[in-house]
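Structure first, then comments.
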Amino acid sequence: MARRTRSGADLSAGQARWIALAAQGLAGARPAGRIDRRHARRVLDRVGLIQIDSVNVLVRSQELPLFARLGPHPRDLLPRMAADVEVIEYWCHEASLLPIATWPLMRWRMRTPDGVWKGVYAIGREAPGLVEEVRAFVAEHGPLTVGDLPEQGRRSSSMWGWSQGKRALEYLFWSGAVTARRRPADFARVYELTERVVPPAVLALPAPEEDEAKRELLLIAARSLGVATLQDLCDYHRINVPRARPLVAELAEEGRLIPVTVEGWDRPAYLHPDAAIPRAARARALLSPFDSLVWFRPRTERLFGFRYRLEIYVPARKRVHGYYVLPFLLGDRLVARVDLKADRAAGALLVQAAHAEPGAGTPETAGALAAELALMAGWLGLGTVRVARRGDLAPLLAAATAATPVG
């Protein structure tokens, strides 16, 4: 365990990394044997929530955190848990899957404009009649997708082209009147009245007051991060930093968070009382761009010295590392990054670029990465891994991949 005192403790940069990896379930070996729902529950207990993203160039992002921590597993684990309402979608850290036990802690957000898109929140004030009409339509015809709505006003000229009906439906989702599951075939949200989805025992729970809910969310974040700054804690569930500052101070005063200093960090940090420092970090994992270990880029740079930017929306000619780039975690370091694509028609996992971090462009890095890519390809039902000759790690990786069977 990390040293715990009310007056604080000093942590080295290495200790902070080990604590963070252990808290995220990435410090030790993956479980052996058949992976089932119990393993997924343990991952969710550690990470608190899983961010959702629609990009499917490799695989939906929400599948990757389980793969990083569990290895190959049934790909329908999360959908089955959602169908049984063990997890539920809501705006938490962006669109996220969170345990149903956490859902009541978000009810304060359902009553506020905190974080919601302005166009969505505005329709609740500007067109309450339309909102009620859409709610009644869901009540009569749900579950349904946006495409099932009758024409509700003209589509906007924005890049998203949302109709008024779509905005009303999203307002109802934000405010908790409806909830949603994802349709596997096209990732579309399927909306239904909340009382028809959320278990009655959960609906009957009293909604915590806003500050109390935020305190609990901050503690969940602290447990999932291990050691964190105020900004790290707030980013996890997208809580306003100035409003959270006194709440974090209260938690520290109560001993539920422990103030610490971390070598190389330019601001105070907080340690969760249950945080452990493992004796070694044996991770080998490809991380989603939206994995909770790396989704807050300032923290990623602070912990690993790894500057990470998603380049999906960058013009191709200006991209440095590629379109859909996954960091590669080896031991306690992010040692490389690979631009991946699943060519399902050809049955191949494509490595479109492979770059090593300074000092990590070694045969050992390439061999470990080749093994992880082969494991991923087998999990995705792809028969081969193909490495393009782009990036300084590509030659070594191509050679290592040729010697590593998929499986």
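Worth a mention:
- Matching option when the condition is closer than 26 Å to residue 166 by Cβ, among the hydrophobic types (A, V, I, L, M, F, W, C) and touching a strand residue (DSSP E or B) at 6+ places or on another chain (Cβ under 9 Å), among 87, 120, 59: 87
- Those residues of the range 203-218 which are open to solvent by 20 Å² or more (accessible area, probe 1.4 Å) and either part of a helix (DSSP H, G or I) or under 18 Å from residue 255 (Cβ atoms) (or both), in sequence order: 203, 210, 211, 212, 215, 216
- Number of the exception - residue 190 against (1) free of Cβ contacts under 8 Å to residues at least 40 places away in the same chain; (2) in contact with a Pro (Cβ under 8 Å, 6 or more places away or on another chain): (1)
- Hey, residue 259 out of contact with any Pro (no Cβ under 8 Å at 6 or more places or on another chain) and open to solvent by less than 80 Å² (accessible area, probe 1.4 Å) or not: no
- Residue check, residue 279 basic (Lys, Arg), modelled with pLDDT of 95 or more and open to solvent by 40 Å² or more (accessible area, probe 1.4 Å): no
- Filtering the range 63-98 to residues that are within 18 Å of residue 293 (Cα to Cα) and free of Cβ contacts under 8 Å to residues at least 40 places away in the same chain leaves 63, 66.
- The listed residue being buried (at least 17 other Cβ atoms within 10 Å of the Cβ) and either closer than 30 Å to residue 261 by Cβ or in contact with a Pro (Cβ under 7 Å, 6 or more places away or on another chain) (or both), out of 310, 375: 375
- Set side by side, the residues 32, 68 differ, and just one is open to solvent by 40 Å² or more (accessible area, probe 1.4 Å), small (Gly, Ala, Ser) and closer than 23 Å to residue 381 by Cα, which is 32.
- So residue 180, is it part of a helix (DSSP H, G or I) and modelled with pLDDT of 90 or more: no
- Flag if residue 308 is part of a loop (DSSP other than H, G, I, E, B), under 23 Å from the mean Cα position of the chain (by Cα) and without any contact (Cβ under 8 Å) to a residue 60 or more places away in the chain: yes
- Scope the range 357-372; condition open to solvent by 20 Å² or more (accessible area, probe 1.4 Å) and either free of Cβ contacts under 8 Å to residues at least 40 places away in the same chain or more than 14 Å from residue 393 (Cβ to Cβ) (or both); matching residues: 358, 359, 361, 362, 363, 364, 367, 371
- Boolean, residue 402 is surrounded by fewer than 19 Cβ atoms within 10 Å (Cβ to Cβ) and more than 30 Å from residue 19 (Cβ to Cβ): yes
- Consider the range 231-242 and keep the residues that are in contact (Cβ under 8 Å) with a residue 40 or more places away in the chain and crowded, with 20+ Cβ neighbours inside 10 Å. The one that is farthest from residue 293 (Cα to Cα) is 237.
- Residues in the range 29-69 that are outside any helix (DSSP H, G or I) and among the charged types (D, E, K, R): 5 in all.
- Set side by side, the residues 120, 43 differ, and just one is under 30 Å from residue 302 (Cβ atoms), in contact with a helix residue (DSSP H, G or I) (Cβ under 7 Å, 6 or more places away or on another chain), β-branched (Val, Ile, Thr) and crowded, with 18+ Cβ neighbours inside 10 Å, which is 43.
- Top-ranked residue in the range 116-171 [being at pLDDT 85 or above, under 27 Å from the mean Cα position of the chain (by Cα) and not in a helix (DSSP H, G or I); ranked as farthest from residue 195 (Cα to Cα)]: 145
- Some residue of the range 318-339 being open to solvent by 20 Å² or more (accessible area, probe 1.4 Å) and over 24 Å from the mean Cα position of the chain (by Cα): yes
- Being hydrophobic (A, V, I, L, M, F, W, C), farther than 30 Å from residue 391 by Cβ, outside any strand (DSSP E or B) and touching a strand residue (DSSP E or B) at 6+ places or on another chain (Cβ under 8 Å) is a property that does not hold for residue 244.
- Strands (runs of 3 or more DSSP E) (entirely within the range 324-394) containing at least 2 residues that are over 22 Å from residue 308 (Cβ atoms) and either of a type outside the set (D, E, K, R) or in contact with a helix residue (DSSP H, G or I) (Cβ under 7 Å, 6 or more places away or on another chain) (or both): 384-387
- Tally of residues being open to solvent by less than 40 Å² (accessible area, probe 1.4 Å) and of a type outside the set (A, V, I, L, M) across the range 378-399: 3
The values are calculated or read from the model by the stated rules, or taken from the named source; none is laboratory data. Everything quoted here is computed from the prediction, not taken from an experiment. Positions of Cβ are backbone-derived with ideal geometry, glycine not excepted, and every protein chain shown enters the neighbour counts. SASA here: full protein model, heavy atoms, side chains in, ligands and nucleic acids out. Shrake-Rupley method; radii C 1.70, N 1.55, O 1.52, S 1.80 Å.
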